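Worksheet for the structure shown next.
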Amino acid sequence: MKILLTASSRHGATDEVAAVIAEQLRAAGLEVDHTRPEDVADVEGYDAFVLGSAVYMTRWTEEAVDFTRRFSSALRDHPVWAFSVGLSGLPKGKIADPYRIGPVLLSIDPEDHITFPGRFDPGVLNVRERTIARMGGATEGDFLDLEAVRAWGASVAATLCNGL
Ligand SMILES: Cc1cc2nc3c(=O)[nH]c(=O)nc-3n(C[C@H](O)[C@H](O)[C@H](O)COP(=O)(O)O)c2cc1C
């Protein structure tokens, strides 16, 4: 089985999460291409998709949303798992609020969507980002829980290997 794992990160936390998921999928014997959404030109030949994005201002990045628009029909025709990385503890499970990650992703109806906690390191942000994050009440710190990511990646891999 060939899987496309694509994740959009501004400051690296989502990249780290995606790398752990890729590791779990590969450990289960799945073939995984891991790229950024803006670098994907073609999705021919993939059996399933894992899409992820950092959350900024309650939304997925433009690049992640654009990917879901460009490949909406392939995404509708194949199993899709989605993950977000943010700080506000968005609910796990089916997506309910179209403004959070975009109406297009809603239409894809993923098998599962999960939000992993990210990190807020003011030192790597520009003034605008820092101000917005502080106004949003973000707590400084690294909340990445790679054990939780590993567990989710393993469960996606198990579902794929067992034929959904
Ligand atoms: C300007 C700004 C806006 C943010 N907005 C949200 C938000 O709306 N919801 C949320 O859960 N996290 C929000 N966050 C937290 C980020 O999602 C978190 O820092 C995440 O780890 C970023 O991932 P990245 O390092 O892959 O870019 C925001 C962070 C910044 C700097």
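The values are calculated or read from the model by the stated rules, or taken from the named source; none is laboratory data. This one's a predicted model, so the numbers in the text were calculated from it and none came from an experiment. Positions of Cβ are backbone-derived with ideal geometry, glycine not excepted, and every protein chain shown enters the neighbour counts.
Structure notes:
- Cross-chain or 6+ apart pairs with Cβ under 8 Å, segment 1-25 first and within 13 Å of the ligand (Cβ to nearest atom), then assigned to a loop (DSSP other than H, G, I, E, B) and among the acidic types (Asp, Glu): HIS11/ASP121
- If you filter segment 116-142 down to residues that are crowded, with 16+ Cβ neighbours inside 10 Å and part of a loop (DSSP other than H, G, I, E, B), you find that the one that is nearest to the ligand (Cβ to nearest atom) is GLY118.
- For segment 50-88, a residue qualifies if it is within 23 Å of HIS11 (Cα to Cα), touching a residue at least 40 places away in the same chain (Cβ under 8 Å) and away from the ligand (no atom under 13 Å from the Cβ), and the qualifying residues are VAL50, LEU51, VAL65, PHE67, THR68, TRP81.
- Restricting ALA19, ALA48 to those that are of a type outside the set (S, T, N, Q) and closer than 13 Å to GLY153 by Cα reduces the list to ALA19.
Residues are listed down the side, and each one gets a yes or a no for (1) modelled with pLDDT of 90 or more; (2) over 15 Å from the mean Cα position of the chain (by Cα):
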position	(1), (2)
LEU125	yes, yes
ARG128	yes, yes
MET135	no, yes
ALA138	no, yes
ASP145	yes, no
ALA148	yes, no
CYS161	yes, yes
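- Hits in segment 49-65 - residues which are part of a strand (DSSP E or B) and surrounded by 22 or more Cβ atoms within 10 Å (Cβ to Cβ): PHE49, VAL50, LEU51, GLY52, SER53, ALA54, TRP60
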